[in-house]
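The values are calculated or read from the model by the stated rules, or taken from the named source; none is laboratory data. Computed from a predicted model, the values in this text were never measured in an experiment. Heads up, the Cβs are rebuilt from the backbone with ideal geometry, glycines too, and the neighbour counts pull from every protein chain shown. Note: accessible area is taken over every heavy atom of the protein model, side chains too, but ligands, DNA and RNA are not part of it. Shrake-Rupley method; radii C 1.70, N 1.55, O 1.52, S 1.80 Å.
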Amino acid sequence: MSLARTIGRESGKELLLGNEAIARGAIEAGVAVAAAYPGTPSTEIVEALARVAKDLGIYVEWSTNEKVAFEVAYAAATAGARSLTAMKHVGLNVAADPFFSSAYTGVEESFVIVSADDPGMWSSQNEQDNRIYGLHAYIPVIEAPRPKDLKDVTKAAFELSSELKHPVMLRSTTRLSHTRVVVELGPIRRPVTRGRYIKNPSKYVLVPAHARRMRKELVEKWGRIERRLEDFPFNAVEGEGKQLIVASGVSYSYVREALEYLGLWGRVKVLKLSTPVPLPRKLVLRAVEGVEKILVVEELEPVVEDQLKRVLFDEGVRVEVRGKDLVGYLYEMTLDRALSAVAKFLGVDYTSPEPLVTEVPSFVPSRPPQLCPGCPYRPLFYVLRRIANMIATRRGKELEPIFTGDIGCYTLGMNPPFYAQDTTICMGASIGFANGLSHVLGDRLVIAVIGDSTFFHAGIPPLVNAVYNGAPFLVVVLDNRITAMTGHQPHPGTGMRATGEEAPAIRIEDVARAVGVEFVEVVDPFDLKTMQRKIMEAVDYIAEHRKPAVVVVRRACALLAVARARAAGFEIPRYVVDLDKCTGCGICYTAFACPAISQLSLKDKRAIIDPELCTGCGVCAVICPFDAIRPEKEYDKEKWESFWR
Amino acid sequence: MARTVNIVVVGVGGQGLLTLSRILAEAAMARGLDALAAETHGLSQRGGTVIVHVRIGDEVHAPLIPLGGADYILSTELSETVRYLSYANRGTKVITNTKVILPALPGLVKPIEPREVLEWLRSKVGKGNLYTIEASDIAAGLGAPQSTNMVVLGAATPFLKDVLDLGYLEKRVARVGRGRIRELNLEAFRRGISYVCERYGVCL
């Protein structure tokens with residue numbers, strides 16, 4: 001990561017990922033505590049801070065979930081330490097409870113909540129505009145108008161929070177967070193890492209008597225906050241004219257390029273808005289002076305548009321306001337979208353560069369993400385599919401097991417040939433859903449599939465619920481030792497903290513036994529026979545006892561194993577197909593579906609392994625019925641195995 | 001320079017596209033230019049399709065390149081070149097690896113022949129704008145199949161020499177990976193440069 005290269009430097013330029021720019025902004029603002037649960041597109045903020053935490057002497061942690069992370073950072077800010085928490089948009093749903101309370105109590109020092117939203121749903125289950133949370137909870141929302149503003153906007157968010165003694169939400173989006181950008185480094189404020197707690201229960205104990213008083217104070221404070229944002233440094237009125245375009249957040253960068261493209265930059269008035277919530281009334285009134293019509297350009301919901309219309313109505317300003325009717329609600333902003341809305345609004349024609357083609361020809365294969373070559377989840381799904389087929393054959397298709405899935409790499413188990421995810425709702429819902437289904441589906445088996453990190457995040461309460469309420473279903477916990485989907489962050493079961501030091505490794509099987517699950521087994525997914533036998537034992541146990549059972553499937557993520565091997569200078573073994581033995585049955589590339597294996601050619605169905613993709617897991621050699629797959633050359637099996645623990 | 005150079009970098013997750021794009025943006029910064037590289041993370045990295053928008057100029061504001069707005073398409077996989085050809089216009093230069101990686105979706109994906117894909121590309125991309133390179137073969141020949149991305153980066157370098165700091169670029173490529181891989185990456189990068197010079201006459 002590049003952020004490490006900026007430590008100790010207070011000038012010069014560095015190319016940083018948007019999220020690293022946010023981290024750098026927090027460092028320059030003197031952040032002392034940062035806590036988060038990983039989630040795309042927010043992960044790299046706290047990951048970057050964790051890597052430099054020791055150099056800076058600050059405290060950084062991966063928390064078990066967003067609610068805990070929120071409370072860690074919030075608490076630190078009530079004790080006078082500048083703090084940050086970061087999460088993806090749906091993470092704030094998990095942390096919504098303390099989020100609302102934090103506005104009531106306020107804080108003693110900066111508390112910045114980074115919400116990284118995902119317009120376009122590049123890596124999420126929904127499209128959610130968290131600026132609305134700010135409106136709902138009375139927490140101001142700050143956005144960067146361009147990727148290059150991220151660092152300084154973050155710094156300004158810290159200063160604003162410190163001044164107001166109020167939480168501030170910094171809202172980023174995928175394109176801001178995941179764009180690398182040239183950042184100008186600035187001076188670093190020395191972090192105050194030692195807090196001071198001054199007891200003040202009438203402020204921090206939210207019993208109804210206190211809350212009623214604070215609710216009143218909050219509504220009054222909101223007016224002060226709105227006035228304070230009028231001269232927020234990243235708000236500006238640019239250009240002039242009788243037409244006004246209000247551009248919120250990253251939409252500003254597209255509006256600007258659209259106007260430049262049309263040759264109209266400077267000849268149309270633009271309100272660059274980095275404080276969408278609450279909308280600063282006086283700034284708006286200043287911008288609309290002498291204006292005949294207005295276009296609001298923003299991603300997702302009409303948060304600015306609705307507030308703007310209210311301000312104009314209240315002030316008796318009657319001008320035409322366009323917005324969502326021209327810009328649309330769905331997905332992320334693009335230059336095409338901004339250009340089309342701006343041109344229509346201004347009534348100008350334009351020609352855009354003509355794409356060479358407009359459609360993807362049908363021979364281009366769809367390429368959904370898939371489990372990596374060597375992924376320990378693949379042999380599990382291979383076995384689960386076999387078991388499901390077996391049950392469907394023996395007991396009838398209507399009794400084929402239902403797979404309630406969860407959020408992580410294993411969601412990809414929904415794809416052919418495994419079809420082993422029938423539901424994916426939100427973090428932890430695999431076990432929650434299995435509870436409900438198992439009470440209404442009689443003896444049709446429900447199998448909840450959940451990852452290790454997700455289990456710690458939101459899987460434990462529904463497991464307790466299953467034991468308590470006697471719900472009969474199977475929980476398969478895929479323990480690949482790490483939070484894999486988001487890029488390998490440690491979790492409570494890993495045995496390591498965010499900043500690299502050793503930690504107690506909490507064992508999933510111990511948790512399951514401790515809450516009263518009687519059938520708990522741990523299996524190795526590369527030992528397919530034993531894994532299948534143990535899962536079948538669990539299935540029989542559930543049928544007989546009508547209670548939940550847990551099978552922990554444990555083996556390190558293949559990317560982790562390969563990285564460890566490379567770091568140790570160990571040559572990754574590669575497997576090859578013995579074409580004399582291969583019969584072209586295709587099990588390895590159809591039923592097992594390893595992306596590194598394909599058929600030799602259009603006509604020859606025998607298998608070939610791509611050395612560019614093979615990770616040397618060797619499971620294909622185990623499943624090949626004809627013993628036709630072998631390592632390219634001999635290797636130290638024991639050593640190789642040690643990287644997969 | 002006045003106009004922003006738009007480079008669409010595409011391929012398959014796991015081929016090292018983020019590294020390639022990041023090095024491009026860094027080399028532009030080293031040249032004193034502004035640069036943005038909008039990446040694809042998360043789910044898309046699991047063998048899925050990857051597109052990175054790299055933009056280089058005096059001042060670049062927005063992260064994404066519009067359809068038809070690419071000056072260059074750099075690709076590490078042939079069918080991905082086709083998938084993202086809507087970013088190209090008549091003047092776009094397309095620099096692409098010739099390898100096809102088939103997704104493992106049994107029953108859903110029909111195998112395709114690289115030759116047929118190339119023919120299709122030739123029918124769409126104007127003569128003189130399509131630059132094919134056997135990047136995977138070159139990397140494999142070096143004993144470094146995972147250095148395919150560096151061959152493609154090398155192949156793109158002569159085209160982009162006016163917006164990149166070439167000295168920085170070479171030093172930066174030599175820092176990718178560890179140990180023997182570093183040397184191989186640098187060699188792969190150099191092979192990419194010499195390939196487009198020898199075959200297409202586009203030289204540093």
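In segment A:94-124, which residues are touching a helix residue (DSSP H, G or I) at 6+ places or on another chain (Cβ under 8 Å) and under 29 Å from B:Arg55 (Cα atoms)?
Going through segment A:94-124, the residues touching a helix residue (DSSP H, G or I) at 6+ places or on another chain (Cβ under 8 Å) turn out to be A:94-100, A:102-120, A:122-124.
Across segment A:94-124, the qualifying residues are A:Val114, A:Ser115, A:Ala116, A:Asp117, A:Asp118, A:Pro119, A:Gly120, A:Trp122, A:Ser123, A:Ser124.
Go through segment A:420-430 and count every residue that is under 19 Å from A:Arg385 (Cα atoms) and surrounded by 24 or more Cβ atoms within 10 Å (Cβ to Cβ).
The total comes to 2.
Looking at segment A:602-638 only, could you name the residues that are open to solvent by less than 90 Å² (accessible area, probe 1.4 Å) and either assigned by TED's automatic domain parsing to the domain that holds A:Met531 or farther than 20 Å from B:Pro145 by Cα (or both)? Let's see the steps before the verdict.
If we filter segment A:602-638 for residues that are open to solvent by less than 90 Å² (accessible area, probe 1.4 Å), which is where we start, we get A:602, A:604, A:606-621, A:623-625, A:628-629, A:631, A:635-636.
Across segment A:602-638, the qualifying residues are A:Leu602, A:Asp604, A:Arg606, A:Val619, A:Cys620, A:Ala621, A:Ile623, A:Cys624, A:Pro625, A:Ala628, A:Ile629, A:Asp636.
Please report, ordered by residue number, the helices (runs of 4 or more DSSP H) entirely within segment B:114-204 with at least 2 residues that are more than 20 Å from B:Val9 (Cα to Cα).
On the way: elements: B:114-124, B:135-141, B:148-156, B:166-173, B:179-200.
Result: B:114-124, B:135-141, B:166-173, B:179-200.
May I ask you to say which residue of A:Lys67, A:Lys54, A:Lys13 is touching a helix residue (DSSP H, G or I) at 6+ places or on another chain (Cβ under 9 Å), in contact (Cβ under 8 Å) with a residue 12 or more places away in the chain and more than 14 Å from every other protein chain (Cβ to nearest Cβ)? Quick ask: steps written out before the conclusion?
Working: A:Lys54 fails: touching a helix residue (DSSP H, G or I) at 6+ places or on another chain (Cβ under 9 Å); A:Lys13 fails: more than 14 Å from every other protein chain (Cβ to nearest Cβ).
Every option except A:Lys67 fails the conditions.
Applying the selection to segment A:179-195, what residues are within 14 Å of chain B (Cβ to nearest Cβ) and in a loop (DSSP other than H, G, I, E, B)?
Start the filter on segment A:179-195 by keeping residues that are within 14 Å of chain B (Cβ to nearest Cβ), which leaves A:179-185.
Within segment A:179-195, A:Leu185 is the sole residue that qualifies.
Does A:Glu502 meet the test of being among the charged types (D, E, K, R), under 31 Å from the mean Cα position of the chain (by Cα), farther than 23 Å from A:Ala458 by Cβ and modelled with pLDDT of 95 or more? Steps first, please.
Details: among the charged types (D, E, K, R): yes; under 31 Å from the mean Cα position of the chain (by Cα): yes; farther than 23 Å from A:Ala458 by Cβ: yes; modelled with pLDDT of 95 or more: yes.
So A:Glu502 passes the test.
Let me spell it out: the conditions are (1) open to solvent by 10 Å² or more (accessible area, probe 1.4 Å); (2) within 15 Å of the chain's Cα centre (by Cα), and B:Pro145 meets all of them except one. Which number is the exception?
Going through (1) open to solvent by 10 Å² or more (accessible area, probe 1.4 Å); (2) within 15 Å of the chain's Cα centre (by Cα) one by one, B:Pro145 breaks only (2).
Does segment A:196-206 contain any residue that is at negative phi and within 14 Å of chain B (Cβ to nearest Cβ)? Give the steps one after another, and end with the answer.
We begin by selecting, within segment A:196-206, every residue at negative phi; these are A:196-206.
Narrowing further to those that are within 14 Å of chain B (Cβ to nearest Cβ): none.
No - not one qualifying residue is present in segment A:196-206.
Identify the single condition in (1) on the phi > 0 side of the Ramachandran plot; (2) in contact (Cβ under 8 Å) with a residue 24 or more places away in the chain that B:Glu77 does not satisfy, given that it satisfies every other one.
Result: B:Glu77 fails condition (1) only.
Return the total of residues in segment A:75-123 being of a type in the set (S, T, N, Q), touching a Lys or Arg at 6+ places or on another chain (Cβ under 8 Å) and open to solvent by 30 Å² or more (accessible area, probe 1.4 Å).
Selection size over segment A:75-123: 0.
For segment A:124-157, which residues satisfy the criterion of being polar (S, T, N, Q), assigned to a loop (DSSP other than H, G, I, E, B) and open to solvent by less than 10 Å² (accessible area, probe 1.4 Å)?
Hit for segment A:124-157 is A:Asn130, nothing else.
Please indicate, with yes or no, whether at least one residue in segment A:456-470 is more than 27 Å from the chain's Cα centre (by Cα), part of a loop (DSSP other than H, G, I, E, B) and surrounded by fewer than 22 Cβ atoms within 10 Å (Cβ to Cβ). Please lay out each step first, then the result.
Here is the first cut: in segment A:456-470, the residues more than 27 Å from the chain's Cα centre (by Cα) are A:466-470.
Pick out the ones that are also part of a loop (DSSP other than H, G, I, E, B) and you get A:470.
Now drop any that are not surrounded by fewer than 22 Cβ atoms within 10 Å (Cβ to Cβ), which leaves A:470.
Taking every residue of segment A:456-470 in turn, at least one turns out to be more than 27 Å from the chain's Cα centre (by Cα), part of a loop (DSSP other than H, G, I, E, B) and surrounded by fewer than 22 Cβ atoms within 10 Å (Cβ to Cβ).
Can you give me the number of residues within segment A:30-42 that are more than 14 Å from chain B (Cβ to nearest Cβ) and either in contact with an Asp or Glu (Cβ under 7 Å, 6 or more places away or on another chain) or buried (at least 24 other Cβ atoms within 10 Å of the Cβ) (or both)?
We begin by selecting, within segment A:30-42, every residue more than 14 Å from chain B (Cβ to nearest Cβ); these are A:30-37.
Subset that is either in contact with an Asp or Glu (Cβ under 7 Å, 6 or more places away or on another chain) or buried (at least 24 other Cβ atoms within 10 Å of the Cβ) (or both): A:31-37.
Final tally of qualifying residues: 7.
Suppose we filter A:Leu218, A:Leu176, A:Leu160 for residues that are in contact with a strand residue (DSSP E or B) (Cβ under 7 Å, 6 or more places away or on another chain) and part of a helix (DSSP H, G or I); which single one remains?
A:Leu160
Here is a list: B:Val125, B:Val152, B:Val163, B:Val173. Which entry is crowded, with 16+ Cβ neighbours inside 10 Å and away from chain A (no Cβ under 14 Å)? Write out each step before concluding.
Details: B:Val125 fails: away from chain A (no Cβ under 14 Å); B:Val152 fails: away from chain A (no Cβ under 14 Å); B:Val163 fails: away from chain A (no Cβ under 14 Å).
Result of the check over B:Val125, B:Val152, B:Val163, B:Val173: B:Val173.
Does any residue of segment A:527-538 turn out to be surrounded by fewer than 16 Cβ atoms within 10 Å (Cβ to Cβ) and in a loop (DSSP other than H, G, I, E, B)? First the steps, then the outcome.
Looking only at segment A:527-538, we keep the residues that are surrounded by fewer than 16 Cβ atoms within 10 Å (Cβ to Cβ), and these are A:527, A:529-530, A:533, A:536-537.
Now narrow it down to the ones that are in a loop (DSSP other than H, G, I, E, B): A:527.
There is at least one residue in segment A:527-538 that is surrounded by fewer than 16 Cβ atoms within 10 Å (Cβ to Cβ) and in a loop (DSSP other than H, G, I, E, B).
For segment A:250-269, check the following and say yes or no: at least one residue is modelled with pLDDT of 95 or more, within 22 Å of A:Pro140 (Cα to Cα) and in contact with a Leu (Cβ under 6 Å, 6 or more places away or on another chain).
Yes, some residue in segment A:250-269 is modelled with pLDDT of 95 or more, within 22 Å of A:Pro140 (Cα to Cα) and in contact with a Leu (Cβ under 6 Å, 6 or more places away or on another chain).
Could you tell me which residue of segment A:310-362 is nearest to the other protein chains (Cβ to nearest Cβ), considering only residues that are open to solvent by 70 Å² or more (accessible area, probe 1.4 Å) and aliphatic (A, V, I, L, M)?
The qualifying residue nearest to the other protein chains (Cβ to nearest Cβ) is A:Val360.
Which residue pairs have Cβ atoms closer than 7 Å, lie 6 or more positions apart in sequence or on different chains, and pair a first residue in segment A:509-534 that is acidic (Asp, Glu) with a second residue that is part of a strand (DSSP E or B)?
A:Glu509/A:Val520; A:Glu509/A:Val522; A:Glu509/A:Val552; A:Glu521/A:Val551; A:Asp524/A:Arg554
Go over the candidates A:Arg444, A:Arg497 one by one and state the one that is more than 19 Å from the chain's Cα centre (by Cα), among the basic types (Lys, Arg) and farther than 29 Å from A:Met87 by Cα. Break it down stepwise before answering.
Numbers: A:Arg497 fails: farther than 29 Å from A:Met87 by Cα.
A:Arg444 is the lone residue from the list that is more than 19 Å from the chain's Cα centre (by Cα), among the basic types (Lys, Arg) and farther than 29 Å from A:Met87 by Cα.
Residues A:Leu579, A:Leu559, A:Leu478: which one is in contact (Cβ under 8 Å) with a residue 60 or more places away in the chain and either outside the structural domain of A:Tyr382 (by TED's automatic domain parsing) or assigned to a helix (DSSP H, G or I) (or both)? Steps first, please.
Details: A:Leu579 fails: in contact (Cβ under 8 Å) with a residue 60 or more places away in the chain; A:Leu478 fails: either outside the structural domain of A:Tyr382 (by TED's automatic domain parsing) or assigned to a helix (DSSP H, G or I) (or both).
So the residue among A:Leu579, A:Leu559, A:Leu478 that is in contact (Cβ under 8 Å) with a residue 60 or more places away in the chain and either outside the structural domain of A:Tyr382 (by TED's automatic domain parsing) or assigned to a helix (DSSP H, G or I) (or both) is A:Leu559.
Could you please tell me which pairs satisfy a Cβ distance under 8 Å, a separation of 6+ or placement on different chains, a first residue in segment B:188-199 that is under 15 Å from B:Leu142 (Cα atoms) and among the charged types (D, E, K, R), and a second residue that is assigned to a helix (DSSP H, G or I) and open to solvent by less than 10 Å² (accessible area, probe 1.4 Å)?
The qualifying pairs are B:Arg190/B:Gly154; B:Arg191/B:Val151; B:Arg191/B:Gly154.
Looking only at segment A:170-226, filter to residues that are under 30 Å from the mean Cα position of the chain (by Cα), β-branched (Val, Ile, Thr) and under 23 Å from A:Gly80 (Cα atoms); which one of those is least open to solvent (accessible area, probe 1.4 Å)?
Ranking the qualifying residues of segment A:170-226, first place goes to A:Ile225.
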